[in-house]
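Data first, discussion second: the structure below is written as structure tokens.
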Amino acid sequence: MEIGSTVTLTYTGKTDDGEVFGFATADSPMKFQTGMDMAIDGFEREILAMEGKPGEKKTFTVDQYEAYGEYLDDFVQRVPMEQVPKGNVKVGQRIWMSSSKDGVSSPVTVKAVEDGIVVFDMNHPLAGRNLTFEVELLEVEDAPENFVSAQEKAEHLKQQSKLLGGDQGDDFR
């Protein structure tokens with residue numbers, strides 16, 4: 001299969017302990033274009049390694065580094081309850097929280113509520129876990145003739161920025 005192909009597939013995703021974390025069925029399949037950063041790296045790599053024939057099946061494991069990264073203890077924060085705008089939080093709840101530094105919101109999980117302190121986990125829920133996928137291809141459409149991958153687009157924009165007086169980097173010093 002080539003980069004830029006549009007892939008329609010079914011899958012079941014499981015963690016190492018057998019817990020199902022996600023799936024797509026024939027009635028509600030997953031569809032994405034390869035090369036556009038629409039799937040985790042390890043998943044896309046394994047799909048691209050397939051022949052690309054409808055009905056083709058494959059089971060593979062993606063390690064944590066090509067999935068959602070390692071679990072980082074530094075991404076767990078303890079916040080006094082009075083600083084939590086949405087005061088009625090429950091363990092296991094996913095909420096959006098913004099950093100006072102940049103104001104950008106990101107999803108966090110309430111890990112614990114104890115003695116007036118809320119423990120927030122900013123890691124992705126699947127961080128630090130290897131993921132196993134059982135996949136069946138339903139349809140593969142060839143890449144369009146003028147396909148430009150996300151990586152190629154980013155590199156092009158970087159070069160244009162240099163030409164237009166943006167970040168010159170080390171190349172122009």
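The values are calculated or read from the model by the stated rules, or taken from the named source; none is laboratory data. From a predicted model like this one, the values you see are computed outputs, not experimental measurements. Counting neighbours? That spans all protein chains shown, and the Cβs are built from the backbone with ideal geometry, glycine included. Each accessible area value is taken on the protein alone, full model and side chains, heavy atoms only, with ligands, DNA and RNA left out. Shrake-Rupley method; radii C 1.70, N 1.55, O 1.52, S 1.80 Å.
Hey, could you get me the Stokes-Einstein D for region 23-136, Kirkwood radius over alpha-carbon pairs, 37 °C and 0.692 mPa s, rounded to whole µm² s⁻¹?
196 µm²/s
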Listed residue pairs exceeding 27 Å between alpha carbons, taken from K14/K57; K31/K153; K58/K90; K58/K158; K53/K158; K57/K111
K58/K90; K58/K158; K53/K158; K57/K111
What number, in nm² with one decimal, is the all-direction average of the projected area of the convex hull of the alpha-carbon atoms of region 26-84?
7.3 nm²
Accessible area expressed per residue, the chain, with surrounding protein chains retained (probe 1.4 Å, Å²):
65 Å²
Starting from the Cα of V76, step 7 Å along the direction of its Cβ; do the same at Q151; then give the gap between the two resulting points in nm.
3.5 nm
Could you calculate the contour length gain from Y65 to S161, that is, 0.36 nm times the residue separation minus the distance between their Cα atoms, to one decimal place in nm?
31.5 nm
For the chain, what does the helix formula give at 222 nm: sum of -39500 (n - 2.57) over DSSP H segments with n ≥ 4, over the residue count, nearest 500 deg cm²/dmol?
-4000 deg cm²/dmol
Using +1 on the beta carbon of Lys and Arg, -1 on that of Asp and Glu, and nothing else charged, what's the dipole of the chain about the Cα centre, debye to 20?
620 debye
